[in-house]
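As structure tokens, the structure follows; a few thoughts come after it.
Readers should treat all values here as calculations from the given coordinates under stated rules, not as data from a laboratory. In this text, all values refer to a predicted model and were calculated from it rather than measured experimentally. Neighbour counts run over all protein chains shown; Cβ positions are idealised from the backbone, glycine included.
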Amino acid sequence: MDTAPVFHDAFYKFVSIADVDGTAATLRELTKALTGVLLVASEGLNGTLAGTAASLDAFHRALASDPRLDDCFGGITFKRSACLTPPFQRMKVHSRPEILPLGVDGVNAVGHIGLQVSPAQWRTLLDDPNVVVVDNRNHFEVRLGRFRNAVDPQVNNFRDFPAYIEAQLPTWQAEGKQVAMYCTGGIRCEKTSAWLHERGVPMLQLEGGILNYFAQMPDAERDWAGECFVFDNRIALDTQLRETSTTAEQVYAGDPGEAWRLRRAQRLAGSTAPDDTKTTESGAPRQLP
């Protein structure tokens, strides 16, 4: 019986992929020793995986070196955290039109790096009166935890976020505000940033998202209140990247509009195959958005 500790890796990369189905087939082969979800599209790769440190490290090496992948996936940053609860029940690799749908046609995030702000710089930015800090996550995630002074857009789906930005942007511009955004792992901000860049609007984004902030800042609790929702069966992490005792029932409690999310979370926690109908920031067809 294998008793080695289990870890969770979250990662993504916007990169042009010519053969989406062939890439997905290769990734299925490379992830046989892991559990989790990978989404592959012509715009890149979005994934969450779980396994032993050795198995995950072996996948990292294969992802960067397997000749069938055409050198598409070098330089990826993996955000790793330890697990008490198994995050996933099995391994799934899916081909998709997009790795993260923004709800706006034609957004191209390939090659777009955005205006990245390091965790140390982000701490200073939180107190800047000329910066409006926007939480680029769903309302129930913000309710569970957020950075101090952050604005909650009150959206229930990432695809609703552009409408919020379009409504607020004229006011922010009139006030001379710089917009800064953050999300769990960075991908939502990366796609939003690409969309705004095409419109000539610069946006600052927290490098690596909340998970990277927690990893890089030992005293992250100075700037963060609450917990961070994650897209797997662990439900939430504290600022030390430790799994908390928070349950799905507590996350969604008291909000009739989120009852369907609770039912799905309860079903997936004991299922052998994740629901394929929706995708999350980390790429997993799990509880949201």
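Computed values, structure above
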item	result
Check: the chain dipole with +1 on Lys, Arg Cβ and -1 on Asp, Glu Cβ, in debye	480 debye
Extension gain (nm, one decimal) between Thr124 and Asp70, 0.36 nm per residue minus Cα-Cα	15.4 nm
The range 7-104: projected area of the alpha-carbon convex hull, averaged over directions, in nm²	6.2 nm²
Degrees between helix 187-198 axis and first principal axis of the chain (Cα, 0 to 90, nearest 10)	50 degrees
Principal-axis tilt of helix 20-30 within the chain, Cα atoms, nearest 10 degrees	60 degrees
Order of Cys228, Cys189, Cys83 - criterion: other Cβ atoms within 10 Å of each residue's Cβ, fewest first	Cys83, Cys228, Cys189
Simple Cβ-charge dipole of the range 7-104, Lys/Arg +1 and Asp/Glu -1, about Cα centre, in debye nearest 20	380 debye
Antiparallel %, DSSP beta bridges [both residues in the chain], to 5	60 percent
Helix 259-269 vs. the chain, principal-axis angle (Cα, 0 to 90°, nearest 10)	30 degrees
Non-local Lys pairs in the chain, i.e. 8 or more apart or on different chains, that have alpha carbons under 19 Å apart	7
Charge dipole (the chain, unit charges on Cβ, about Cα centre) - positive-most of Ala18, Phe78, Pro5	Pro5
Principal axes of the chain: Cα extent on each, largest first, Å	58, 42, 36
